[in-house]
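See structure below.
The values are calculated or read from the model by the stated rules, or taken from the named source; none is laboratory data. Bear in mind that the values here come from a model prediction, so they are computed numbers and not experimental data. Here the Cβ positions follow ideal geometry from the backbone for every residue, glycine too, while neighbour counts run over all protein chains shown.
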Amino acid sequence: MARQGEVGTRDAFDAAAADFAALGRHLWEPVGADAVSAAGSQPGERVLDACCGTGASAIPSARQVGPGGLVDAVDISGPMVAELRERSAGLSQLKAHEADVTSWGGSGYDLVQSVLGIFFFPDMEAGTRHLIGTARPGGRVAFTIWRRGAMDPAGRQLALAVAEAAGAEPPGERPKRPGDRINQPDTFATWLNDLGLSEVDVAVHERTLPMTPEIAWLLVLGSGYRGVLGDLDPDHVDRARDRYLARLDDVGLTELDATTLVGTGIAR
Ligand SMILES: C[S@@+](CC[C@H](N)C(=O)[O-])C[C@H]1O[C@@H](n2cnc3c(N)ncnc32)[C@H](O)[C@@H]1O
């Protein structure tokens with residue numbers, strides 16, 4: 001359930017799109033590069049990049065498949081897709097689509113990948129099954145998720161700061177999410193096996209994000225955390241920003257765990 005002032009996933013990413021691209025070189029692009037090297041596309045292949053955002057994995061994949069291949073890059077947020085179209089001008093093999101990928105009609109892909117996307121699906125398991133079903137038999141599948149504990153400390157300080165800035169009671173711990181039960185290497189591997197993939201492998205990519213004031217605030221503006229600001233008025237946002245940065249200082253959060261798990265397998 002959304003907390004007071006929060007908006008849904010699509011609205012959050014619509015609002016975040018420009019800052020999302022700015023945060024890219026610090027976070028999304030290195031995470032996307034790990035995913036692309038795990039999935040390893042060949043020239044001429046057909047790829048579905050689900051929840052593509054502004055292209056952190058879709059663009060390098062398009063370079064790998066080359067002009068004879070295809071990357072269908074799908075995102076539910078129009079502004080994210082618009083940013084991707086600008087950033088990928090000249091890569092004619094990359095087709096950017098604004099759509100809910102959990103009902104995407106394409107099929108027969110050599111590779112289906114989704115980086116930091118599947119845990120946003122309202123029904124994570126059904127949505128992920130659908131993605132797997134778009135791969136050809138024997139095609140590769142690669143999903144990236146946050147490892148347990150990654151990103152959370154920043155989210156907690158932000159939630160406390162937003163409440164403080166409104167003079168409201170501190171919120172409780174964040175509610176459990178479906179992704180929480182798969183965010184360790186063993187639980188992720190079991191889940192992918194249960195979804196019918198063979199040759200499942202989960203690789204851990206350790207990463208930290210330096211939390212300078214500039215990057216720490218960009219993390220809020222340019223990610224799903226944007227939804228926490230929801231429709232707050234500008235003064236409230238300014239106060240929340242000051243409180244958030246002061247809180248990070250108080251708790252000594254100078255580096256944020258941004259470790260990902262890349263789960264790969266073969267569709268039957
Ligand atoms: C954290 S971002 C990751 C974007 C990109 N893969 C990257 O790593 O930079 C998650 C993205 O998932 C998209 N998304 C969430 N639910 C979706 C859905 N049902 N269909 C398509 N895109 C979705 C959001 O709009 C957002 O762009």
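Conditions (1) within 16 Å of the ligand (Cβ to nearest atom); (2) at pLDDT 95 or above; (3) of a type in the set (Val, Ile, Thr), marked per residue:
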residue: Gly127; (1), (2), (3): yes, yes, no
residue: Gly133; (1), (2), (3): yes, yes, no
residue: Ala165; (1), (2), (3): no, no, no
residue: Arg174; (1), (2), (3): no, no, no
residue: Thr187; (1), (2), (3): no, yes, yes
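For Val74, indicate whether it is assigned to a strand (DSSP E or B), more than 11 Å from the ligand (Cβ to nearest atom), modelled with pLDDT of 95 or more and hydrophobic (A, V, I, L, M, F, W, C).
Details: assigned to a strand (DSSP E or B): yes; more than 11 Å from the ligand (Cβ to nearest atom): no; modelled with pLDDT of 95 or more: yes; hydrophobic (A, V, I, L, M, F, W, C): yes.
Spelling it out, it is not the case that Val74 is assigned to a strand (DSSP E or B), more than 11 Å from the ligand (Cβ to nearest atom), modelled with pLDDT of 95 or more and hydrophobic (A, V, I, L, M, F, W, C).
Restricting to the stretch 18-46, give me the number of residues that are surrounded by fewer than 24 Cβ atoms within 10 Å (Cβ to Cβ), of a type outside the set (D, E, K, R), more than 8 Å from the ligand (Cβ to nearest atom) and not in a loop (DSSP other than H, G, I, E, B).
Of the residues in that region, 8 qualify.
Kindly provide the set of residues from the stretch 47-71 that are surrounded by 24 or more Cβ atoms within 10 Å (Cβ to Cβ), part of a strand (DSSP E or B) and either acidic (Asp, Glu) or over 14 Å from the mean Cα position of the chain (by Cα) (or both), ordered by number.
Hits for the stretch 47-71 are Val47, Leu48, Asp49, Val71.
I'm trying to understand the selection: among the residues of the stretch 27-39, which are touching a helix residue (DSSP H, G or I) at 6+ places or on another chain (Cβ under 8 Å) and more than 11 Å from Ala56 (Cα to Cα)?
At the first step, the residues of the stretch 27-39 found to be touching a helix residue (DSSP H, G or I) at 6+ places or on another chain (Cβ under 8 Å) are 27-28, 32-33, 36, 39.
Correct list: Ala39 only.
Here's a check for you: in the stretch 77-122, which residue that is within 8 Å of the ligand (Cβ to nearest atom) and part of a helix (DSSP H, G or I) is nearest to Glu45 (Cα to Cα)?
Looking at the filtered set, the residue picked out is Val101.
Of these, Ser107, Ser114, Ser198, which one is within 19 Å of Ala39 (Cα to Cα), hydroxyl-bearing (Ser, Thr, Tyr) and surrounded by 18 or more Cβ atoms within 10 Å (Cβ to Cβ)? Quick ask: steps written out before the conclusion?
Numbers: Ser107 fails: surrounded by 18 or more Cβ atoms within 10 Å (Cβ to Cβ); Ser198 fails: surrounded by 18 or more Cβ atoms within 10 Å (Cβ to Cβ).
The match here is Ser114.
Let's see how each residue does on (1) farther than 30 Å from Val112 by Cβ; (2) at pLDDT below 95; (3) under 17 Å from the mean Cα position of the chain (by Cα):
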residue: Trp191; (1), (2), (3): no, no, no
residue: Ser198; (1), (2), (3): no, no, no
residue: Asp201; (1), (2), (3): no, no, no
residue: Val204; (1), (2), (3): no, no, yes
residue: Leu209; (1), (2), (3): no, no, yes
residue: Leu219; (1), (2), (3): no, no, yes
residue: Gly227; (1), (2), (3): no, yes, yes
residue: Gly230; (1), (2), (3): yes, yes, no
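Looking only at the stretch 216-236, filter to residues that are among the aliphatic types (A, V, I, L, M) and within 21 Å of Leu27 (Cβ to Cβ); which one of those is surrounded by the most Cβ atoms within 10 Å (Cβ to Cβ)? I'd like the intermediate steps shown before the answer.
As a first pass, look at the stretch 216-236 and keep what is among the aliphatic types (A, V, I, L, M): 216, 218-221, 228-229, 232.
Of the ones still in play, those that are also within 21 Å of Leu27 (Cβ to Cβ) are 216, 218-221, 228-229.
Working: Ala216: 22, Leu218: 19, Leu219: 24, Val220: 27, Leu221: 18, Val228: 22, Leu229: 21.
Among residues in the stretch 216-236 that are among the aliphatic types (A, V, I, L, M) and within 21 Å of Leu27 (Cβ to Cβ), the one surrounded by the most Cβ atoms within 10 Å (Cβ to Cβ) is Val220.
For the stretch 101-114, does any single residue satisfy the condition of being under 17 Å from Gly8 (Cα atoms) and at pLDDT 95 or above?
We begin by selecting, within the stretch 101-114, every residue under 17 Å from Gly8 (Cα atoms); these are 101-102.
Among the residues that remain, those that are also at pLDDT 95 or above are: 101-102.
Yes.
Residues are listed down the side, and each one gets a yes or a no for (1) in contact with a Ser or Thr (Cβ under 7 Å, 6 or more places away or on another chain); (2) free of Cβ contacts under 8 Å to residues at least 40 places away in the same chain; (3) of a type in the set (A, V, I, L, M, F, W, C):
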{"residue": "Met211", "(1), (2), (3)": "yes, no, yes"}
{"residue": "Trp217", "(1), (2), (3)": "no, yes, yes"}
{"residue": "Pro234", "(1), (2), (3)": "no, yes, no"}
{"residue": "Thr264", "(1), (2), (3)": "no, no, no"}
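Going by the conditions given, is Ala161 over 29 Å from Ala18 (Cα atoms), modelled with pLDDT of 95 or more and in contact with a helix residue (DSSP H, G or I) (Cβ under 9 Å, 6 or more places away or on another chain)? Give the derivation first.
Details: over 29 Å from Ala18 (Cα atoms): no; modelled with pLDDT of 95 or more: yes; in contact with a helix residue (DSSP H, G or I) (Cβ under 9 Å, 6 or more places away or on another chain): yes.
Criteria not met by Ala161.
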